[in-house]
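*Asks:* One structure, pasted below without further comment.
Each reported figure results from applying straightforward, stated rules to the coordinates on display, with no laboratory input. Quick caveat, the model's predicted, so the values are computed rather than measured.
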Amino acid sequence: NDARYWLDTYRYDGAVNTLQMYVTPHAVCASELRVTLHYTPPTEDVFDVLPGAGPTAGATNVSVLGAFVVGRHYECRFGHRASPAVPLEEDGFITRVWCLSPPRSPRNAVVPFAIRDVNTGDAHAIADADAAAVAAAQMHFTYYVAPTIDGIDPPSGPDAGGTLLTVYGGNFSEPLPGYLLCRFGGSDAPSIAAQLNSSASMQCV
């Protein structure tokens, strides 16, 4: 006879990796169906790190997307410096941790980035099935000296927009594409990508 059975499994606790169960198809039937469940230990993977750059003063709120084990403690490693990671747990799973970048000497630098399991000491890099070199290239954090603004030209323009604005200042080095933006208005105003002219000048429309 074709019979189906549904079983509730328990959360893996790390103690055993095989569980044997016996199911009696019918209360009056003497035969038993032997079922073996194989538990796979939980794995930890990192999928993305956002943002991948921040000022040398530190305090950049870095979000790490991945798969993490509930109950374990993690830290972010910016080169040789550690920062505690705060997990975000949803429905019994951790898919994101947050950490603040530590300060660094005031100069541009690229440092290795990793998530370290404080319980085991293991470090986890970005999971990439295509090429290990790609994963290694992605697991870095770029420090840059925070830019300064000395002035803009012209200081005004028509309501219709379209004015080419030149921004003068310092440390306008672009660590990663898309990090230099102009915003006309408050924090809810849209950001516009800027064109880098030099370390002391950039333009946007």
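*Asks:* Starting from the amide H of ALA82, placed 1.01 Å from N in the peptide plane, find each other amide H under 5 Å away whose residue is 5 or more places distant or on another chain.
*Replies:* The answer is none.
*Asks:* Amide H neighbours of THR95 under 5 Å, counting only residues 5+ apart in sequence or on other chains, H built in-plane at 1.01 Å?
*Replies:* LEU88, GLU90
*Asks:* Under the rule of at least 5 residues apart or a separate chain, name every residue whose amide H is placed under 5 Å from the amide H of ASN197.
*Replies:* For ASN197, the qualifying residues are MET202, GLN203.
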